[in-house]
Amino acid sequence: MTHLLWLLVFVCLIPHGQFQNVPKARGVPRYIRSLIEVNRSHSELLYPHDRQYLIDTINRAQAIKSIPLFFRLPVFGFDFRYIWIHRDGHILFNKGLIDYPTPVKFPIVNIRDPFREEDPSLIAPWLSQQEIPNSIEGAGIYSQLVDLTREKNESLKERIRMDFKDAMVGSADFEPRYAVIVTWKNVTHANRMPGSRLKTNTYQVVIATDEKRTYVMFNYDAINWISDKDYYDGQKGTPPFIGFNAGNRTRAYEFEPYSQQPRVSRLPSLGFGNGLNGRFYFQVNEEVWPGSCIERYLDINWSTRPKLTFFPRFGSMLGGTMVNITGPCFPNPLSNIRCKFDNREVDGIYRNPNIVSCISPPIMYHGYVDLSVSIDQGPFLFYGKYYIQPPGMVEGDVNVRYGADKLEVPEQFTIQWNHEKLTRDARAPVIIALWGYREARENYPTLTYIDVLTNESILAGDRQHTLNLTVYKTLSNLDKLDIHFGFIAINLTAPETLSNGNRQSSVLWSDPLPLGWYFRHQWQRKYGKSWKKNICDDWYIGERNRGHFNTTLFRCPCTLEQAKLDVGRFVPDLQCNEFDRNCETFHKAAYHCVTSGRPAVNGAGQSCCYDVHGELIRDSRFSGRPSRAFQFGKHPYKQRMTTPSLSHWLHDISPYFFCCKWAEDENGTESCSKYDYWRPPQDCSRYQPPGVASALGDSRFLTFDRVNYTFNGKGEFVLTRVNDRMHKLDVQGRFEQFQPKYYYMPKINRTHLMAVAAKENVSSVVEFRVRPSVARWQYQMYVIVDNEYVYFWDNKLRVQFFRGVTLYQPIGIYNMSHVVAMFDSGAGVEVKVENGHMTARVYLPSSFLNKTRGLLGKWSRTKEDDFTDPEGEVTVVPGASNYSIHHKFGMKYRVTESANDKIGRSLFFHDAIPFSQYDDMSFIPEYE
């Protein structure tokens, strides 16, 4: 209690600004004094830069100082262990350039002297030529490395920790372990004319990392000159570059609309990081996400829509996810802020000039949608890609213990939740409610509110509650008895009030669950003792009116080994698989199940289950079954039968409980036979394995008809192409020349596969690239969809849906070293990367037979015509020399940026390096 009193006296009662005069009182604990110091320093812009941290070796003659790091520093996907602090306002992680062009455009693609220069990896708060004036005491460059696990200066350690936890959206759970503080104090522009007025700038970079995430703070204390080209006044000419460059000719981020614009002089009055003018934050470990708002109106010629920074980056399809957003500046707390998720608008909640919060509405969709923000009825300029996740694909935020929701008469019904996802206030009261789903209308089906499940006082921090099921015996929800499954939702009793007076709360949702535990007594009163049979009969009659649907489905593979190899058509079941083994409810006897990765043309889906011996389970209540509604939904999603997860539960899953699971004799009842009639256990009759061809990375190929050959082309080539009335598929590979370990070593005249791009019909374009070696510490490859980088950030994003294609990262893979693209036709592209070595396999169903062209050969089940050129002529035969294969066959499948009816056009995203630098027709390989 004494410690708390001291804290109140020194923090709350002493006027701000007098802390520096407080004497060290006897008996005041050290951590209390530290908190007082942190409270004072929290309002200061610059971190301390004492004389002991001045880099004396940086001066007019010496511009750079190298410092080894004793920790990993992830920046822009790269793993750096060394830094070079440069006098000219930036921190380097490699050699960089001798001279920088003006204006500068990163990445630097054309390197003039590869022996001495390379595309710089850098962090640049003020990339401009500058000098340290001798006439100002203390002017210079200061640097300090801080190990927060050992740092004895408690106030500095706590200041770093508090500043970065409160830095920007998504940083609240960040615990920095190491920090780098670099200060440029009173530096002036280079080549200042003698006698001209001395103008100086003071600014600072603070980098904090936990070796996985990295945040950067820019502090601008004083900006009095903006150009090194004006030797007199420092005002005319191109202003400095501000931003980040990953290096290795990959990616860059320029801090627009300020970088290389005269408005950089305003930086000390902007930013608002931690509530301070002049402070800007960025998260930089994989991509660069700004944490400070941007005044979009400053540049009316901005050619692209500015991006939002927001967290979390995905949320439930049912809505209720609190999304914190940074984008435009929010100067007025009373502004009318609107957020748009897809085409649904909601009110925003003002937090500070940098951040607003919006609670996502229900969006019946699966995949990425646009998230955009508007202020005071203005345009929705700022945008980002927000991923909508259907319920049931991963574990819900509200869980029913011991699977009691799946039982007809559970003895106990206890629910659990994690309150931190709802509120940080453990004492906040919450409401537990029940929602259901029905498809009463053709378009835009919605959830239906059913009831509050308990009137007891429940707090968010309780984390669990046992429902009293006896209170539901006498309820009468006559207008809702047609609802057979639903969700438990938990939301705040007293949510935040918006500027318009409305209230909104975040919501935690359960997985889909059958409602026998709630409606059982009401169904019995309506249907009598045979209520399960009657409900099953109603479903059976409805199915009869809809007719058969499973004729368009892919047949099940006969063995587990075949199923694992058919990656173009099947993915492991997200619950019942050999890793998770959550098979008890629907597939009790199964060891591993697979489901179709894409919907059939009529929106149906397939499921196949295998026992511990790897054999397909047939004629069993627990085998795989077809589904009228594909579990992941079907575009456009917002209609009956196509809603992700919900339509599947309504038409395929919930009837299973009435007809089979809760039936009197689960293994042989009449009602379960009715379920079997419309959802018959699957067999493998008429199953045909896919055709498989491989590009093995080091320019070796194995065609669909098993011809093995070598081709060392340099550039972008057709791996396989199909262009007829039934299928339109393009798969391309980019082959780059092997680079010697050192520049002075002779070149290697061989190529290897470094990127793959694929598209089917009107689907999204999917591209896979090998990452540079120093960028493979966490992820092995870049995945790009429609020119946007995508990531498998979380296990909830293991399966991602796009237009006409599903991306899947296999279970047990977390580093993006193995990703599969699955197209509507059943075609699949599997890409693996190991130690920079890429291999690609293409899987095609039998409908592609006799239709393929490209380096993977013509698939005809005969080897003689594998080397068919784009014109349909067989130019060489298997066993021909590498020279003949190269010139008479391989080079004819070189693609260009212009369209060609026979081979198409390049699908690759040339965001950094242009096509011309990859394409090299004059390259002469080693033929043998």
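The values are calculated or read from the model by the stated rules, or taken from the named source; none is laboratory data. What you see is a predicted model; the values in this text were computed from it and never measured. FYI the Cβ positions are ideal-geometry reconstructions off the backbone, even for glycines, and counts take in every protein chain you see. Each accessible area value is taken on the protein alone, full model and side chains, heavy atoms only, with ligands, DNA and RNA left out. Shrake-Rupley method; radii C 1.70, N 1.55, O 1.52, S 1.80 Å.
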The ³J(HN,Hα) series, computed from each phi in the range 350-359 with the Karplus coefficients 6.51, -1.76 and 1.60 at θ = phi - 60°, rounded to the nearest Hz and given as x for glycine or proline, is 5, 10, 6, x, 9, 10, 10, 10, 9, 9
Only helices counted: for the chain, with every DSSP H run of 4 or more residues adding -39500 (n - 2.57) and the sum spread over all residues, [θ] at 222 nm is -2500 deg cm²/dmol
Counting every C-alpha pair in the range 534-592, the percent lying more than 17 Å apart is 60 percent
For the pair Arg544 and Thr466, the simple spin-label estimate (label points 7 Å beyond Cα toward Cβ) gives in nm 4.6 nm
Extend 7 Å from the Cα of Asp683 along its Cα-to-C-beta direction; within the range 554-588, residues with backbone N under 15 Å of that point are 555-559
Each label sits 7 Å from Cα toward the beta-carbon; between Glu615 and Asn332 the label points are separated, in nm, by 7.5 nm
Diffing the range 474-482: the Karplus 3J(HN,Hα) column from phi (6.51, -1.76, 1.60, θ = phi - 60°), in whole Hz with x for Gly and Pro, holds 9, 5, 9, 9, 4, 7, 10, 6, 7
Of the range 294-338, those with amide N under 16 Å from the point 7 Å along the Cα→Cβ vector of Gln377 are 335-338
Straight-line reach check, Lys406, cutoff 16 Å on alpha carbons, 8 or more apart in-chain or any other chain, hits among aspartates and glutamates -> Glu395, Asp511, Glu584, Asp652, Glu664, Glu666
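Among the listed pairs Lys65/Lys212; Lys638/Lys661; Lys480/Lys532; Lys421/Lys796; Lys95/Lys199; Lys307/Lys340, give every one whose C-alpha distance is greater than 19 Å.
Check vs 19 Å cut-off fails for Lys65/Lys212; Lys638/Lys661; Lys95/Lys199.
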Note to self: with every protein chain in place and a 1.4 Å probe, the chain gives an accessible area per residue in Å² of 43 Å²
The Cα extents of the range 621-741 along the principal axes, largest first and rounded to whole Å, are 71, 39, 33
So Asp166 and Asp147, fully extended at 0.36 nm per residue minus their Cα-Cα distance, gain in nm 4.9 nm
Sorted largest first, the C-alpha extents of the range 777-882 along its principal axes in whole angstrom are 47, 31, 26
Per residue convex hull volume, Cα only, the range 97-187, in Å³ is 180 Å³
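Might you report the magnitude of the Cβ-based charge dipole of the chain about its Cα centre, with Lys and Arg at +1 and Asp and Glu at -1, to the nearest 20 debye?
In debye, rounded to 20, the chain gives about 560.
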Volume per residue (Å³) of the convex hull spanned by the alpha carbons of the range 34-117 is 191 Å³
With a Förster distance of 45 angstrom and the Cβ-Cβ distance between Arg263 and Ser847, calculated FRET efficiency to the nearest 0.05 equals 0.20
Between Asn534 and Arg861, Cβ-based FRET efficiency (R0 56 Å, step 0.05) works out to 0.55
Measuring from its Cα centre, the range 724-765 shows a charge dipole (+1 at each Lys and Arg Cβ, -1 at each Asp and Glu Cβ) which, in debye to the nearest 20, is 180 debye
Extension length gain for Glu496 and Ser303 (0.36 nm per residue less Cα distance), in nm, is 65.8 nm
Restricting to lysines and to Cα separations under 28 Å from Lys888, and discarding same-chain partners fewer than 8 apart, the set is Lys714, Lys728, Lys747, Lys759, Lys851, Lys858, Lys863, Lys902
Row for the range 474-575, column shape: gyration tensor on C-alpha, a ≥ b ≥ c, rounded if a/c < 1.5 i.e. under 1.5, prolate if a/b over b/c, else oblate; value oblate
Candidate cut points under trypsin sites (Lys or Arg not before Pro) in the range 124-160, DSSP loop plus at most 16 other Cβ atoms within 10 Å of their own Cβ, are Arg150, Lys152
The base-10 log of I(q)/I(0) that the Debye equation returns for the range 618-671 at q = 0.14 Å⁻¹, one scatterer per C-alpha, is -0.43
Here the convex hull volume per residue of the range 518-620, taken over Cα atoms and given in Å³, is 142 Å³
Out of Leu469, Ile415, Gly384 - ranked by how far each Cα lies towards the positive end of the dipole of the range 380-538, with unit charges on the beta-carbon of charged residues - the top one is Leu469
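Contact order normalised by length for the chain, with contacts defined as Cα pairs under 8 Å and 6 or more residues apart; what percent is it? Write out the running numbers ahead of the final one.
Working: 2131 pairs, mean separation 66.7, N = 928.
It comes to 7 percent, rounded to a whole number.
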For the range 853-906, shape from the Cα gyration tensor axes a ≥ b ≥ c, cut at a/c of 1.5 then a/b versus b/c, turns out oblate
Full extension between Asp50 and Val409 adds, at 0.36 nm per residue less the Cα distance, a length in nm of 122.1 nm
Toy charge model, Lys and Arg Cβ at +1, Asp and Glu Cβ at -1: the range 479-542 dipole around Cα centroid in debye, rounded to 20, equals 380 debye
Among Leu907, Phe889, Thr862, the residue whose Cα sits farthest towards the positive end of the charge dipole of the range 846-928 (+1 at Cβ of Lys and Arg, -1 at Cβ of Asp and Glu, taken about the Cα centre) is Thr862
Note on the chain, DSSP bridge orientation, antiparallel percent to nearest 5 equals 95 percent
For the pair Glu670 and Asp233, the simple spin-label estimate (label points 7 Å beyond Cα toward Cβ) gives in nm 9.7 nm
Matching label for the computed Kirkwood radius over Cα pairs in Å, out of [x] 30.2; [y] 33.6; [z] 31.3, is [z]
Of the residues Pro626, Ser699, Pro644, the Cα lying farthest along the dipole of the range 616-721 towards its positive end, which is defined by charges on the beta carbon of Lys, Arg, Asp and Glu, belongs to Ser699
